[in-house]
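This report concerns only the one structure given below.
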Amino acid sequence: MEHSDPNSLVARRRRRILITGAGGQLGSALAEVFAEDAVTALSHADWDVRFPAPPGLPDPDLVLHTAAWTNVDGAEDDPQGAAEANVGGTAHAAELGAPLVAYSSDYVFDGRKGSPYVESDSPNPLSAYGRSKFHGEAAAGERAWIVRSSWLFGPTGHNFVRTMLRLGAERNEVAVVADQRGCPTYVGHLAAATRELVGASTPFGIWHLAASGDCTWADLAEAIFEEAGLDCRVRRITTSEFGAKALRPPVSILRSEKDAPELPHWREGLAACLAELGVPR
Ligand SMILES: NC(=O)c1ccc[n+]([C@@H]2O[C@H](COP(=O)([O-])OP(=O)(O)OC[C@H]3O[C@@H](n4cnc5c(N)ncnc54)[C@H](OP(=O)(O)O)[C@@H]3O)[C@@H](O)[C@H]2O)c1
């Protein structure tokens, strides 16, 4: 297995880091965490990764590839579109030739193991999105850290925490799925763990980086309402009652069997996110 230490360049000059999908929730967090480096943060408008990189980009020391089709249900209607972004896009990021961090997902697993997934477990995606992320892993090439994470949330973009804060302020009850279990991961914690991973001569390959602890979506909704002081009841429903288009793994807890950086508990992530949003507790 190849090793790489982009930090070894620090003494000479700041690392040149290119972030794709920088307008997204993880891309924004990475731009903050790597702010001491020379960051080129490219939004969707700057580089549509379905196509090769635009000319004139600085030659990077490290690529943090977050750009992705992330609409899980929408991918069922347009699997080709999801694959163009998530497989083709990852191949184009790898073509830059620098060490690459390619983000992948717990949705590469079918969730039938019934216990936490480690890096050596075999993927078996249930959805078009999951398949596109799995094939995207293969497109990342040999000089890549494939970072699988799960249930991302942060202070910007579309995510469950922001949706629940809105619904909890509008209604006195929300119906939330209570039979899917995972690790809700705060993007600030994932960005910090990414910095640790790439800064420690860590071998390339698959790494599971997700929050400590685990819960269901209903548990997470209750924690959000409790932390934010919102008087909204959670009605626990099943996945089939909710009726989403894409199948999702029932238990997709990610743990590492390798020496991966540890992330804080999801409740700490939630508290950090609410603090960033200025939600009084
Ligand atoms: N969100 C989760 O729960 C979750 C869980 C596990 C893994 N992941 C993975 O983590 C990574 C980051 O996810 P995220 O939650 O930060 O997603 P996000 O907030 O949806 O950000 C993704 C970004 O990629 C951009 N994008 C979409 N298609 C693109 C294209 N063809 N070319 C360039 N940019 C494109 C989006 O721009 P537009 O908004 O303009 O389309 C958006 O800014 C992704 O690889 C995702 O698959 C996410």
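Miscellaneous remarks
- Amide H contacts under 5 Å for I253, placed H, 5+ residues apart: Y117
- Here the calculated FRET efficiency for D179 and D259, from their Cβ-Cβ distance with R0 = 25 Å, stands at 0.15, rounded to the nearest 0.05.
- When a 1.4 Å probe is rolled over the protein heavy atoms, the share of accessible surface on the chain that falls to carbon and sulfur comes to 50 percent.
- Within a straight-line Cα-Cα reach of under 20 Å, K245 can be paired with the following lysines, leaving aside sequence neighbours fewer than 8 residues apart in one chain: K133.
- Between H208, H189, H44, the residue with the greatest mean-square fluctuation in the GNM of the chain (Cα pairs under 10 Å linked by springs) is H44.
- With R₀ fixed at 45 Å, the C-beta to C-beta distance from R112 to A38 puts the FRET efficiency at about 0.50.
- Full-extension gain in nm, R171 to E268, via 0.36 nm per residue minus C-alpha separation: 32.3 nm
- Taking the Cα centre of the chain as origin and assigning +1 to Lys and Arg Cβ atoms and -1 to Asp and Glu Cβ atoms, the resulting dipole is close to 120 debye.
- Cα-centred dipole magnitude for region 17-73, charges only on beta-carbon of K, R (+1) and D, E (-1), debye, nearest 20: 180
- Between amide H atoms placed 1.01 Å from N, distances below 5 Å from I237 occur with V176, V177, A178, all of them 5 or more places distant or on a separate chain.
- Taking amide hydrogens as placed 1.01 Å from N in the peptide plane, the amide H of F109 sits under 5 Å from those of N124, each at least 5 positions away in sequence or on another chain.
- Only one residue of A85, A138, I224 has its Cα farthest out toward the positive end of the dipole of the chain, where Lys and Arg carry +1 and Asp and Glu -1 on Cβ, and that residue is I224.
- Here is the P(r) of the chain: all C-alpha pair distances, binned every 5 Å from 0, give 1, 6, 12, 17, 19, 18, 13, 8, 4, 2, 0, 0 in whole percents.
- Compared with the direct C-alpha span, the chain from A45 to A138 gains 30.9 nm at full extension, assuming 0.36 nm per residue.
- GNM top mover of P123, P54, P79 - the chain, alpha-carbon springs below 10 Å: P54
- Environment charge at T20 (Cβ cut-off 11 Å; Lys +1, Arg +1, Asp -1, Glu -1): -2
- For region 128-242, the fraction of alpha-carbon pairs in successive 10 Å shells from zero, as %: 12, 35, 31, 16, 5, 0
- Set of aspartates and glutamates near K258 by C-alpha distance (under 20 Å), chain-local residues within fewer than 8 positions excluded: E2, D5, D106, E119, D121, E137, E142, E196, D214
- GNM top mover of Y186, Y117, Y107 - the chain, alpha-carbon springs below 10 Å: Y117
- Relative contact order (%) - region 105-166, alpha-carbon pairs under 8 angstrom, separation at least six: 32
- A Cβ-based charge dipole, computed about the Cα centre of region 156-208 with Lys and Arg at +1 and Asp and Glu at -1, lands at about 100 debye.
- Averaging the sequence gap over all C-alpha pairs within less than 8 Å and six or more residues apart, then dividing by the number of residues, gives the chain a relative contact order of 22 percent.
- Across the chain, the longest run free of exposed loop sites, meaning GluC sites (Glu not before Pro) lying outside DSSP classes H, G, I, E and B with no more than 15 other Cβ atoms within 10 Å, spans 143-256.
- For region 222-230, 3J(HN,Hα) per residue [Karplus equation, 6.51 cos²θ - 1.76 cosθ + 1.60, θ = phi - 60°, Hz, x = Gly/Pro]: 4, 5, 4, 5, 5, 5, 8, x, 9
- Per residue solvent-accessible surface (Å²) - region 127-204, probe of 1.4 Å: 37
The values are calculated or read from the model by the stated rules, or taken from the named source; none is laboratory data. Model, not experiment: these values are computed from the prediction. Don't worry about glycine lacking a Cβ; one is built from the backbone with ideal geometry, like all the others, and counts go over all protein chains shown. Quick note on the areas: whole protein, heavy atoms, side chains included, nothing else; ligands and nucleic acids left out. Shrake-Rupley method; radii C 1.70, N 1.55, O 1.52, S 1.80 Å.
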